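Visitor: Take this structure first; my questions come after.
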Amino acid sequence: MGAPQTAMASATDAASPPTLRDRNVLLLDLSKSMLAPLPDAPSGRGDRQKIEVARTAVFRILQDAAATGTPFGLVTFTETVRVPVPLGEVHRENLPYIENLLALLQPSGRSAIWDAIAVGADLLRAGTQGVRGNLVLVTDGWDNASARFAVRPEPGSPLKNGYNDLVPYVLPAHSELNLRIVGIGSGVERDRGVDGAAMNAFLEQLRARAGELGLAGAFSFQEVTTGSQLFTQMVQAFLDVGYEDDRPLEELHPEELAQHAASAAKALKEPQQHATVARLRAPHPTGTGGAPDPSYLESPDLEIGVLSTTGGAPAYLRERYGPLGEVIECYLAAQYDRALKLLTESREVLPPVTRLYWQARVEFAQRAVVEAARSLLQAWTEAEKLPPASQAPVIRRLALLQARMQNDKETETLIRFIDETEHRLGEVDASARERLMDLLARLMELRGTYQLTRLAGEGDLQDAALRHEAAVEDVFGRLQDARLEFASAGPAVEGALDFIEICLAEMR
Amino acid sequence: MAEVKVTTRTRRTAGAKKEAKAPSADTARIAVVGIPASGKTTYFRFLAGHFGLNLPILYVPSRDDGGNLPLYGDLDNDVALEETTYETTDPTDPEGGLETTTRFYVNRPMEDRKKLWVELSAGREDQGILTKYPLPTKFNQFVEMKMRFRYGTPEDPTGSRPMELQTVDEAGGIIADYFSYDRLWLEDGEGEVTEKSCRVIPHFDSWRPDRRDLWRRGLTLLGRFVHEADAIILFLSPALASLRDQAQQINLARGVFRYIRARDLPLVIAISKADRLKDFYGQVEQSVRERTFRSQFDTADFLLRRDGAGMGTILVAQEGRGISTKEDVFLISSAVSTGEGHPMMVGEGGQEAPAMGTPTLGVPVMVNTTLPLARACERILAKRSTKGA
C-alpha cells in the first residue's frame with residue numbers, strides 16, 4: 001500500500017520527546033446506529049454512513065501519531081469495550097495493518113459509552129500521577145449498555161445501583177486530562193444523535209471536580225450534524241499526487257543526480273527565464289513532522305501532503321480524505337469530468353486553494369491549458385492567504401504545476417528536489433532536518449549574489465564576484481559541518497547533501 | 001583499526017645507476033594538484049622527459065625571449081623522476097598489508113618518441129595494456145611522484161637552485177577531497193588525517209575498510225607535503241564531460257584558493273589539455289603550420305570573458321588574492337593531439353610532420369608546458385627574497 005507522504009504543518013517541535021500529556025486515546029463508537037446515514041445536504045452530495053465519516057477521523061489521527069511518534073491508543077465499543085490498538089507508539093510500517101483492521105470493524109449492538117471512557121482513562125492512568133493525556137470520544141449515541149460506570153444526571157443525584165461514579169474515576173487527584181467529545185448527529189431525538197444533555201452534564205461534573213482539586217485540563221463537547229461539517233473539521237487538507245514521470249532521488253545514477261542538481265542550479269542562476277522560482281519560499285525548518293496539534297478537531301491546520309502513487313492509487317483515499325480523496329481517485333483513474341464535478345459539489349467542504357489547484361490540475365490533464373492557467377492563478381491568490389507555516393509547501397506544489405504547464409524543466413527539478421528532500425527528511429532526526437532545511441534556504445539565497453555578478457558593471461564585477469564566492473564558501477563550510485555531524489544519518493541526508501554540493505559547484 | 005604491515009622494495013628502470021639523492025635543505029617544493037584525469041601524469045612524464053629528450057615547446061602567445069626559461073635537468077641527480085606506489089597487497093583482505101614500491105626514471109632519451117605520446121595519451125583502461133606502468137586508477141593504490149630539476153640563471157650570483165615538483169598521482173580523488181574539505185587540512189608536517197575527519201567526504205563510511213585506510217594514508221601524505229610546499233600548481237581540465245567531475249574540479253579549485261590564502265602560498269594555475277579548446281587549438285595549429293605566425297592570443301580575456309575554463313566568475317573573484325589572472329594562469333598542452341587521436345608531431349625543421357605513412361622522425365608538440373613551472377619557481381624566489389629583505 002502506498003503510505004501517504006505527508007508534510008504536516010505544525011508549529012510544535014518534533015524533537016522534544018512525547019510527554020505524558022502528549023498521549024492520545026480515541027474512543028470510537030461501533031454501535032449499530034453508526035451504520036445510519038449522516039445527511040450532507042449543504043454540499044448536495046450523497047449521504048454517508050456515520051461510521052464511514054468516523055473512520056476518516058481515526059485514519060487521520062493514526063497517521064498523525066505515526067508521523068510524530070506520539071503514543072496513541074484506540075478503544076472501540078458496542079455493549080462490549082475492546083482495545084484494538086493498545087496505547088503505544090504507532091510505527092509507520094504497522095499502519096497498513098491497523099488500517100485494514102479498522103476497515104473490517106463493523107458496527108453492531110448497543111453503546112457502553114461510560115464504560116468505554118473508563119477504559120480509555122485506564123490506558124492514560126499513570127500511577128499516582130492520575131490520568132494524564134488526551135481522550136477523544138467519537139459517538140452518535142446514548143449510553144444504553146454500560147455495566148460498570150454511570151454518570152449522575154445532576155450533581156449530587158443518586159447513581160444507579162451497583163454502578164461506579166465515572167467522574168472521580170476518570171479524574172483522580174493530580175490528573176491532567178483533556179477530554180473532547182465529538183457527537184455525530186443531533187441528539188434532540190433519541191436514536192437520531194448523541195445524548196447532548198448527558199454529555200454536557202458529564203462535562204459539567206468533570207469541570208467542577210477539576211476546579212475542586214485544582215487540576216489542569218479541558219473538557220468540551222461538539223455536535224456535528226452533517227458529513228461536511230465533520231470533514232471540514234477533520235480534513236482541512238491540501239493533497240497532491242506525484243506525476244507519472246517522477247523518479248525518487250535514490251533511484252538516480254550519480255551522474256543523473258549531478259544532471260538534476262545542475263539543472264536545478266540553472267533555475268537559481270537564471271531568474272528571468274525561471275520566474276516561478278521567485279515565488280518559492282525558503283523551506284521552513286520545522287515544516288515537516290512535528291508533534292500533533294491537540295486542538296486538531298477544533299481548529300485544524302491545513303494538512304499538506306504528496307501521496308505516493310507507486311504501485312497504484314493509494315488505499316483508503318476516500319476513507320481518509322473524504323471528498324478530496326474521491327477527486328484524487330477519479331483523477332488517477334483518468335475520470336477527469338467526474339473529478340471536476342466532484343470538485344464543484346465539494347465547494348463548501350474543501351479549502352479554496354485545494355479546490356482551485358485540483359481544478360487546474362485536472363484541466364491541465366484534459367489539455368485545457370487556458371482554463372488550467374486561470375484556475376492556477378486563482379489558486380495562487382488563495383495560497384497567499386494561508387498562514388506562513390502552510391504557505392511554503394503549498395506554493396511549491398503550485399509552482400511545480402506551473403513549471404510543468406510552462407515546460408520549465410529546471411524549475412521543476414528544483415521544486416521536486418526541495419519537496420522530496422523535505423519529505424524524506426520527515427523521518428530523520430529533527431536537528432538534521434533543521435540544518436538541511438537551513439542549508440537549502442541558504443542555497444536559494446545564493447540567487448541574489450549570483451545575479452549581482454551578472455548585472456555588475458566592469459568596475460563592480462570583482463566586488464560582486466567576491467561577495468558571491470564568500471557566500472558560496474559560507475554555505476560550503478556549513479555543508480561540511482553537516483556532513484561531519486550527520487555522517488551516519490542515512491541516505492536521505494547524504495543524498496540531500498550531495499545535491500546541495502553539486503548545486504553549489506554550479507553556482508559559478 | 002588493525003596496524004597495517006608496510007613492506008618496501010625498490011625497482012630501477014634500465015639505465016638507472018643509483019637511487020635519487022635526498023633533496024638538500026634549500027630545495028624548494030612545488031605541489032601539483034588536480035582532480036583525476038586532469039593531466040598530472042602527462043605533465044610529470046613529459047616534463048621529466050623534456051630534460052632528457054629536449055622536447056620542443058611551443059609558446060602561445062609567442063614569447064619575445066624565444067622561450068629561454070631557466071629550467072634545467074638536475075645533472076647532479078641522475079634521477080629525473082621518482083615514483084613510489086603505495087598499494088594494499090590484497091584489496092579483498094581487510095587485514096592485508098601495504099606495500100610500497102619505488103621506481104626511478106633517469107635522464108635518458110627514449111628510442112621511440114611517438115610511442116611515449118601514444119602511451120600517455122591513451123585512455124586509462126588502455127594505458128594498463130599499453131604500458132608496464134600501473135596507470136589505471138585503482139582503489140587499492142596511489143603513487144607519489146617527485147620530479148627533480150633546477151631553476152635559475154647563470155647570471156644569478158647564487159646560480160641555479162634545486163627544485164622538486166611533487167604530487168600524489170593515481171589519486172586525484174584524494175587531492176580533490178583534501179582541498180575541497182578544509183576540515184581535513186593538517187596544521188603541521190607531522191599531523192595525521194583522522195578517520196573521524198574523513199567522514200566529511202561523501203559516503204566515506206560506506207567504503208571498504210582497506211580503501212578507507214588507503215585514502216586516509218593518502219590524505220595524510222598529501223597533507224604533509226602540501227604543508228611543506230613552497231608553491232602550488234593547480235591543474236584544471238577544460239574537457240570534463242561528466243557533471244560530477246566538473247563539480248569536483250570546482251570544489252577543488254575553491255578549496256585551493258582558500259588554502260593558499262590561509263597560508264600565503266604562491267599559486268599558479270595550469271589549464272591543461274588546452275588543445276581541446278577550439279580557439280586555443282587554432283592558434284597552436286597556425287603556429288606550427290606558419291613559421292612566421294606570432295600569436296597574440298589573450299589568455300586572460302579568453303578565460304574571463306569567454307569562460308574558457310568554465311570558472312570565469314571564480315577567477316574574477318580571486319584576482320589579486322594570491323593570483324593574477326594575467327600572470328599566473330596558463331593554457332598548456334603537454335601532448336597536443338591533431339584531434340583525431342594522433343599526436344601532432346613536428347619534424348626537424350620545426351614544421352608539422354605527417355601523421356600517416358612511415359613512422360615519423362618528428363617529436364610531439366608541447367605547448368606552454370614549462371610556463372607554470374617557471375612561474376611557480378619565480379614566485380617562490382621572489383617571496384624568499386622579500387622575506388630575506
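Read-outs: derived from the displayed coordinates by stated rules, not from any lab. Keep in mind the model is a prediction, meaning the values are calculated, not measured. Positions of Cβ are generated from backbone atoms using ideal geometry, with glycine treated the same way; all protein chains shown enter the neighbour counts.
Visitor: Which whole-number percent is the relative contact order of region A:23-233 (Cα, under 8 Å, 6+ apart)?
Guide: Averaging sequence separation for qualifying contacts and normalising by length gives 22 percent for region A:23-233.
Visitor: Would you mind working out the magnitude of the charge dipole of region B:215-259 relative to its Cα centre, with +1 at each Lys and Arg C-beta and -1 at each Asp and Glu C-beta, to the nearest 20 Debye? Each step should come with its number before you reach the end.
Guide: On the way: 6 positive and 3 negative charges, 47 e Å.
Once rounded to the nearest 20, the dipole reads 220 debye.
Visitor: Next question. Would you mind checking B:K278/B:K326; A:K266/B:K326; B:K326/B:K383; B:K40/B:K326; B:K40/B:K278; A:K385/A:K409 for any pair whose Cα atoms are more than 26 angstrom apart?
Guide: Details: B:K278/B:K326 20 Å; A:K266/B:K326 29 Å; B:K326/B:K383 19 Å; B:K40/B:K326 23 Å; B:K40/B:K278 22 Å; A:K385/A:K409 28 Å.
Result: A:K266/B:K326; A:K385/A:K409 exceed 26 Å.
Visitor: Apply the Karplus parameterisation 6.51 cos²θ - 1.76 cosθ + 1.60, with θ equal to phi minus 60°, to every residue of region A:340-356 and state each ³J(HN,Hα) to the nearest whole Hz, in sequence, with x for glycine and proline.
Guide: 5, 5, 4, 4, 5, 5, 8, 3, 6, 8, 7, x, x, 5, 5, 5, 5
Visitor: Which loop trypsin sites (Lys or Arg not before Pro) in region A:121-164, with loop taken from DSSP, have no more than 12 other Cβ atoms within 10 angstrom of their Cβ?
Guide: Counting only loop positions with at most 12 other Cβ atoms within 10 Å, the trypsin sites (Lys or Arg not before Pro) in region A:121-164 are A:K160.
Visitor: Continuing with the same structure: Of B:W207, B:W215, A:W114, how do they rank once you tally other Cβ atoms within 10 Å and put the fewest first?
Guide: Least to most surrounded, the residues fall as B:W207, B:W215, A:W114.
Visitor: Taking H placed 1.01 Å from N in the peptide plane, check which residues at least 5 places from A:L137 or on another chain put their amide H under 5 Å from its amide H.
Guide: Excluding prolines and chain starts, which carry no amide H, the hits are A:L27, A:R180, A:I181, A:V182.
Visitor: While we're looking at this one, here's another question. Please order B:R258, B:R45 by the number of other Cβ within 10 Å, starting at the fewest.
Guide: Sorted ascending by nearby Cβ count, the order is B:R258, B:R45.
Visitor: Okay, moving on. What is region A:235-506's relative contact order, in percent, from Cα pairs under 8 angstrom and six or more apart in sequence?
Guide: Across region A:235-506, relative contact order equals 28 percent.
Visitor: Tell me, B:R289, A:R110, A:R433, A:R55 in order of fewest to most beta-carbon neighbours within 10 Å?
Guide: B:R289, A:R110, A:R55, A:R433
Visitor: Right, here's the next one. When a/c is below 1.5 the answer is rounded, else prolate if a/b is larger than b/c, else oblate, so apply that to region A:235-506 with a ≥ b ≥ c taken from the square roots of the Cα gyration tensor eigenvalues.
Guide: In terms of gyration-tensor shape, prolate.
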